[in-house]
Amino acid sequence: MTRADGRVSGSKPRLVIERSRSGSVSRELWRGLIAFNRSKMGPSHYRRTVISARNPKGRLLGGLILESYWRESYVELLWVSAKVRGMGLGSQLLRRAEDLARRRGSRMIHLNTFSFQAPRFYEGLGYRRFGRLTGSPTGHSRHYFVKYLRASPTLSR
């Protein structure tokens with residue numbers, strides 16, 4: 001029997017590994033989470049920005065993916081080709097992301113990196129480590145960083 005709140009009384013939910021409908025179920029899950037978050041925090045003003053670095057011929061040398069929502073930003077990915085590492089490109093990309101985050105009204109920017117990637121790089125740019133998971137992956141660790149940003153004129157949403 002179905003109750004007024006949509007739940008079925010007397011039966012337990014069943015867990016399903018979605019194989020054929022994983023894309024549509026994923027979208028529905030995101031819609032549910034976004035609706036819940038919006039009910040608690042208001043609109044997120046989510047924006048995803050991809051910044052690329054290219055050589056004069058247009059070849060990709062590196063880039064950064066930035067997600068901004070509410071009053072924070074998250075560096076989803078930062079990658080620089082081994083051919084140009086150590087030339088300041090990573091720092092340029094991160095500074096550009098920080099500038100965009102400030103202009104969008106973000107008070108902080110955060111990210112995570114593995115121990116075999118670049119934890120010291122982020123520390124050198126003023127990021128503060130606030131967490132670490134050891135053994136992820138085996139023999140390494142994952143490090144979580146945050147940097148608090150000063151205000152800057154906000155971009156139009």
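The values are calculated or read from the model by the stated rules, or taken from the named source; none is laboratory data. Note that the coordinates shown come from a computational prediction; the quantities given were computed from them, not determined experimentally. Note: ideal-geometry Cβ built from the backbone for every residue, glycine included; neighbour counts use all protein chains shown.
Of note:
- Some residue of region 83-97 being among the β-branched types (Val, Ile, Thr), surrounded by 12 or more Cβ atoms within 10 Å (Cβ to Cβ) and more than 26 Å from Asn37 (Cβ to Cβ): yes
- Arg157 under 21 Å from Glu67 (Cβ atoms), modelled with pLDDT under 95 and surrounded by fewer than 13 Cβ atoms within 10 Å (Cβ to Cβ): yes
- Criterion applied to Leu149, Leu78 was being closer than 27 Å to Arg38 by Cβ, surrounded by 15 or more Cβ atoms within 10 Å (Cβ to Cβ), touching a residue at least 24 places away in the same chain (Cβ under 8 Å) and not charged (D, E, K, R), and the one residue passing it is Leu149.
- Of the candidates Tyr69, Tyr127, the single residue that is under 19 Å from the mean Cα position of the chain (by Cα), hydroxyl-bearing (Ser, Thr, Tyr), surrounded by 15 or more Cβ atoms within 10 Å (Cβ to Cβ) and farther than 28 Å from Ile34 by Cα is Tyr127.
- Single residue of Ile34, Ile51, Ile109 found to be of a type outside the set (S, T, N, Q), touching a Phe, Trp or Tyr at 6+ places or on another chain (Cβ under 9 Å) and farther than 22 Å from Arg142 by Cβ: Ile34
- If the condition is being surrounded by 10 or more Cβ atoms within 10 Å (Cβ to Cβ) and part of a loop (DSSP other than H, G, I, E, B), then region 10-40 contributes Glu18, Arg21.
- For region 73-157, the strands (runs of 3 or more DSSP E) that sit wholly inside it and include 3 or more residues that are charged (D, E, K, R) are 128-134.
- Any hit, region 108-121, residues being modelled with pLDDT of 95 or more, under 27 Å from Trp30 (Cα atoms), surrounded by 13 or more Cβ atoms within 10 Å (Cβ to Cβ) and touching a Leu at 6+ places or on another chain (Cβ under 7 Å): yes
- In region 46-58, the residues that are assigned to a loop (DSSP other than H, G, I, E, B) form Cβ pairs under 9 Å with partners that are surrounded by 12 or more Cβ atoms within 10 Å (Cβ to Cβ) and among the charged types (D, E, K, R), at six or more places apart or across chains, as follows: Tyr46/Glu67.
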